[in-house]
């Protein structure tokens with residue numbers, strides 16, 4: 001092969017390479033759930049690019065992709081309670097970048113949005129909230145701590161990023177502090193149980209007093225009624241009589257005879273066993 005043909009082949013190859021390079025650097029693709037920030041020679045275009053395929057100036061223009069999907073990030077906040085106890089809180093943060101803030105976020109904050117903007121503000125919010133609560137209250141009022149932290153973080157971040165939710169996954173204390181809180185909770189439960197037992201005993205005692213007072217008043221009323229009307233006793237006997245004749249009960253031979261049979265025995269001259277009791281008429 002002659003040197004001229006070799007030069008032509010090399011030249012064609014270089015030309016193809018340049019064309020491919022220009023073509024590849026002159027296009028861009030924005031994937032679904034992302035927006036593009038166009039940077040031309042170091043200057044940011046104010047309008048974000050939509051998802052899809054597009055052209056750009058080769059070599060001097062680049063397009064950065066920013067996610068606008070909801071994202072989840074794990075984080076850990078170290079703080080102190082009002083009683084100066086060190087606490088570690090494991091967080092799960094749900095956030096997203098609004099489409100209208102993609103360019104501003106890229107211009108004003110370097111790197112990942114969560115690391116540069118969200119995490120520092122959330123740490124500040126957690127420290128401010130926990131500084132007003134004791135370690136025991138932080139453990140007991142987890143939902144309240146989460147709600148106040150979320151509201152305060154939203155105020156600090158503003159509209160650059162939407163904080164959808166903050167979940168407190170775990171609150172870690174020192175072993176000594178955990179043992180102290182557990183002991184206190186056990187003592188409080190025992191105190192509540194003792195208080196319940198005392199209240200129950202007092203209620204039972206009050207009930208017995210009321211019942212005894214009612215019985216005493218009932219007896220007094222009955223006694224007063226009998227003193228004013230002695231015939232009331234006879235009325236009660238007649239009212240409770242079942243219509244059967246009275247019985248004669250013997251204690252020695254366990255004799256039980258109706259009163260009518262007793263009369264027959266007397267009429268026939270038969271001796272009636274002495275029961276030691278007068279016949280009941």
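The values are calculated or read from the model by the stated rules, or taken from the named source; none is laboratory data. Everything quoted here is computed from the prediction, not taken from an experiment. Reconstructed Cβ throughout: ideal geometry from the backbone, glycine too, with neighbour counts over all protein chains shown.
Miscellaneous remarks
- Taking the numbered list (1) under 23 Å from the mean Cα position of the chain (by Cα); (2) surrounded by 13 or more Cβ atoms within 10 Å (Cβ to Cβ); (3) modelled with pLDDT of 70 or more in turn, residue 160 passes all entries but (1).
- Qualifying residue in the stretch 117-124 (condition: surrounded by fewer than 16 Cβ atoms within 10 Å (Cβ to Cβ) and over 27 Å from the mean Cα position of the chain (by Cα)): yes
- For the stretch 171-222, residues that are touching a helix residue (DSSP H, G or I) at 6+ places or on another chain (Cβ under 8 Å) and modelled with pLDDT under 80 total 3.
- Selection count where residues are within 45 Å of the chain's Cα centre (by Cα) and surrounded by 18 or more Cβ atoms within 10 Å (Cβ to Cβ), scope the stretch 27-53: 7
- Of note, residue 152 does not satisfy the criterion of being part of a loop (DSSP other than H, G, I, E, B) and in contact with a helix residue (DSSP H, G or I) (Cβ under 6 Å, 6 or more places away or on another chain).
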